[in-house]
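Student: If you scroll down you'll find the structure; I have some questions about it.
Any read-out appearing in this document is the output of simple, stated calculations on the displayed coordinates, not a laboratory observation. What you are looking at is a predicted structure, and each value in this text was computed from that prediction instead of being measured. Cβ placement follows ideal geometry from the backbone for every residue including glycine, while neighbour counts extend to all protein chains displayed.
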């Protein structure tokens, strides 16, 4: 028989947020999603310019990182630019850019990773991102895009494994 110390009491507090919001948590608003998709589609003609702006920022940040005397601050800025492209590539119609940038972010995700990442792998990632945009390689269905992505991921995984 359980002792007094072994007994457990479960307390379920009332969900006051649900009571205040009523039925608004029940589902999603299909009309709102349709409006958001339409708004995004109406801006799609600007995506190429915005992607090129992001690419310029990445290249500029990487150029600074390669200079003698660059440090943690410059590496952090480079990481932020790569992370931005990780999120924006697909939105701007270039999912492969998101994949390349995700691989780069995996390599430089921590301050230690940023400080120790091999320059040749960083060069390859930036080069792949630039090439994809300039050569209009949008996804990994493209044979060059697929080959680049596979090689970059292989190099990052080997580096992470200490090979």
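Student: For the Cα atoms of the chain, what angle does the longest principal axis make with the long axis of helix 143-160, in degrees from 0 to 90, nearest 10?
Tutor: Roughly 70 degrees, rounded to the nearest 10.
Student: Using a 7 Å offset from Cα along Cα-Cβ at residue 141, what residues in segment 90-121 end up with backbone N under 19 Å from the label point?
Tutor: Taking a point 7 Å out along Cα→Cβ of residue 141, the residues of segment 90-121 whose backbone N falls under 19 Å are 90-100.
Student: Same structure again: What angle do you read, to the nearest 10 degrees and between 0 and 90, between the alpha-carbon axis of helix 95-107 and the longest principal axis of the chain?
Tutor: Computed tilt is about 80 degrees.
Student: From the helices alone, meaning DSSP H stretches of at least four residues, give me the mean residue ellipticity at 222 nm for the chain, per-run term -39500 (n - 2.57), in deg cm²/dmol to the nearest 500.
Tutor: It lands at -22000 deg cm²/dmol.
Student: Here is a follow-up. Under 12 Å from a point 7 Å along the Cα-to-Cβ line of residue 64: which residues of segment 118-132 have their amide N that close?
Tutor: No residue qualifies, since no backbone N sits under 12 Å from the label point.
Student: Along each principal axis of its Cα atoms, how long is the chain end to end? Whole angstroms, biggest number first, please.
Tutor: Taking max minus min along each principal axis of the Cα atoms, the chain gives 67, 49, 33 Å.
Student: Which one of 98, 42, 110 has the biggest mean-square fluctuation once the chain is modelled by GNM with Cα springs under 10 Å?
Tutor: Maximum fluctuation in the GNM of the chain, among the listed residues, is at 42.
Student: Between residue 151 and residue 119, what is 0.36 nm times their sequence separation minus the Cα-Cα distance? Round to one decimal in nm.
Tutor: Separation in residues times 0.36 nm, less the Cα-Cα distance, equals 10.0 nm.
Student: Moving on. If the chain between residue 32 and residue 112 were fully stretched, how many nm would it gain, using 0.36 nm times the residue separation less the Cα-Cα distance?
Tutor: Taking residue 32 through residue 112 to full extension adds about 24.5 nm, to one decimal.
Student: Then there is this: When ranked by the protection proxy of mean other Cβ atoms within 10 Å per residue, highest first, what sequence do the peptides 78-91, 44-57, 118-131 form?
Tutor: Per-residue Cβ counts within 10 Å, averaged per peptide and sorted highest first, yield 78-91, 118-131, 44-57.
Student: Against the longest principal axis of the chain, how steep is helix 30-42, in degrees 0 to 90 to the nearest 10, with axes from Cα atoms?
Tutor: Around 10 degrees separate the two axes.
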